[in-house]
1. With every protein chain in place, what's the accessible area of TYR95 (1.4 Å probe, Å², nearest 10)?
2. Going from most exposed to least, what order do HIS143, HIS26 have by accessible area with a 1.4 Å probe?
3. Over the chain, what percent of the accessible surface lies on carbon and sulfur atoms, probe 1.4 Å?
4. Compare PHE137, PHE164 by solvent-accessible area with a 1.4 Å probe and give them largest first, with all protein chains kept in place.
5. In what order, largest first, do ASP66, ASP80 sit by accessible area if the probe radius is 1.4 Å?
6. Using only helices, what value at 222 nm comes out for the chain when you add -39,500 (n - 2.57) per DSSP H run of length 4 or more and divide by the total residues, to the nearest 500 deg cm²/dmol?
7. With viscosity set to 1.567 mPa s and temperature to 4 °C, compute the Stokes-Einstein D of the range 15-146, Rh being the Kirkwood radius across alpha carbon pairs; µm²/s, no decimals.
8. Report the accessible area of TRP142, computed with a 1.4 Å probe over the heavy atoms of all protein chains in place, in Å² rounded to the nearest 10.
Amino acid sequence: SRLLEISQKVTGIDISSEAIKYAQEHYPSINFIARDITSLEKIGLPVQDFDLITILDVLYYFSISDMRMILENIWNLLTDDGILVLRHWSPGGGYLTHSEWQELVKEKFNIIEAELLDTQHSLLVCQKKFTNIILTFDYETWHPIPKGKKIDWEKDILESTDKFLGLADRYNV
């Protein structure tokens, strides 16, 4: 209900129709849907309409392939600059570790913030990973090279390109 302070529209999804009934009685201004999140694509939610999606302590109930499918569906629901917040139990053993969660989520999202909480929960704040990028470059290599000018290929071309690619790596582009 606190999200209504920052949003005109809030939707809650839970598999339990009993939980949804209780929530609807207590928070009538929120849209609640009783469904399994593995069928997000069948609910009819508008594509690229959500600025914030949270999934808290849910995904670890599913197989890795189902987790990937759910993350794909969430990617489709988020606006281009939307935020995804994930928190999941991550002690290892039969559960994913914090680093395994990060590797899984990185397939579709850029992780803005990652923290392993004292409770052994992995907390990840994410945005959509870029999918289409156009880059244009104008390296001054002059053809022919004017009198008095010199091209230092290492400094002028290769070092700047390396710095640019370093930034791309840093932001998972």
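The values are calculated or read from the model by the stated rules, or taken from the named source; none is laboratory data. On a predicted model such as this, the values are computed, not experimentally measured, just so you know. Cβ atoms come from the backbone with ideal geometry, glycine included; neighbour counts cover every protein chain shown. Protein only, heavy atoms only, side chains kept; ligands, DNA and RNA dropped before computing areas. Shrake-Rupley method; radii C 1.70, N 1.55, O 1.52, S 1.80 Å.
1. Roughly 100 Å² of TYR95 is accessible to a 1.4 Å probe.
2. These residues rank, largest area first, as HIS143, HIS26.
3. 52
4. PHE137, PHE164
5. ASP80, ASP66
6. -8000 deg cm²/dmol
7. This corresponds to a translational diffusion coefficient of 76 µm²/s.
8. My reading of the accessible area for TRP142 is about 90 Å².
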